[in-house]
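Report on one structure; see the data block that follows.
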Amino acid sequence: MERIERLKERNNAIILAHNYQLPEIQDIADFVGDSLDLARKATETTADYIIFCGVNFMAETAKILNPDKVVIHPDPESRCPMADMVDIKSLRWLRSRHPHASIVAYVNTTAEIKAMADVCCTSSNSVKVVKNLDSEEVIFVPDRNLGLYTKRFITDKNIILWPGICPTHHSLIRKEDIENLKREHPEAEIMVHPECRPEVIDVADLVSSTNGMVGYARRSKGKAFIVGTEEGLCYRLKKENPDKEFYPVERAICSNMKKITLDKVVYSLENLKPELNLPKEILEKAREPILRMMEVGRGD
Ligand code: 13P
Ligand code: SF4
């Protein structure tokens, strides 16, 4: 950790980390946040190097917003499997069937898919982003659960959903898990991520992005919370609220998020690689939908 501090200073580098990163990575980061917050932070930095501790689409977003900066992703194998569930050929086919539809790409998509989209969104602002669109037909990729959640608030648009899911939120967090935790801790409030299954969302007190949960836990008078998202968020929640209790679904781990380790961050800072690069055309085309999303701002 000391080495990382020295190297960061020597290279004028900043470390951005997602809320699901390993505790030691969160501890050495200059900034820890959710997808939307990290995208905003990436536009504000004056550092020459951005070391991005998160999955690939997050590092790509930082690069798209900072084409002149060096973005280093300590492990290029740290990819979001849900982002890889949508491919250009199939999306082109769907668009050809709905030529008047706007394409809304959750940020959990590759840069190539963002480049095809009209606007991006995150779990914080999907409802606000879709409501804001003029078009009556919307293709929403790739997360079906986030799309279904968004649909609950929008009745005047035909929202066409893609069959993508997050393996962590969809398969590892079940209604029974939440109900069992509630039986053990009846006083606890239930916070869940909108990537969860609809029946999990139905039993929640709060449905929100990871930063939305951080803010809610801070403001709430409640002292205990069941956390229906990737378990890594509980480290930040406990660190910021030592007097409160947080109960995760223990098996809800995103193994891709955990691929970034201290060793890999040291290597990145010493060698200033692996650098993330994208074709110029993709960088330019993907920027507009991300900027539109940022203009809409947070919805939680
Ligand atoms: P947040 O933007 O809410 O942090 O979500 C990102 C993510 O990958 C959830 O699985
Ligand atoms: Fe992707 Fe799910 Fe991991 Fe988030 S938790 S990065 S959506 S696989």
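The values are calculated or read from the model by the stated rules, or taken from the named source; none is laboratory data. Not measured: the values here are computed from a predicted model. Positions of Cβ are generated from backbone atoms using ideal geometry, with glycine treated the same way; all protein chains shown enter the neighbour counts.
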I'm told Val141 meets every condition in (1) of a type outside the set (S, T, N, Q); (2) touching a helix residue (DSSP H, G or I) at 6+ places or on another chain (Cβ under 6 Å); (3) closer than 27 Å to Lys89 by Cα except one. Can you identify the failing condition by its number?
(2)
If you check Leu146 against the conditions, is it at pLDDT 95 or above, under 16 Å from Val207 (Cα atoms) and of a type in the set (A, V, I, L, M, F, W, C)?
yes
Among the residues of segment 44-73, write down those that are free of Cβ contacts under 8 Å to residues at least 24 places away in the same chain and in a helix (DSSP H, G or I).
Glu44
Listed residues Met293, Met191; which is buried (at least 18 other Cβ atoms within 10 Å of the Cβ) and either within 22 Å of Ala39 (Cα to Cα) or hydroxyl-bearing (Ser, Thr, Tyr) (or both)?
Met293
Candidates Ile201, Ile190 - the one that is outside any helix (DSSP H, G or I) and either of a type outside the set (Phe, Trp, Tyr) or free of Cβ contacts under 8 Å to residues at least 12 places away in the same chain (or both)
Ile190
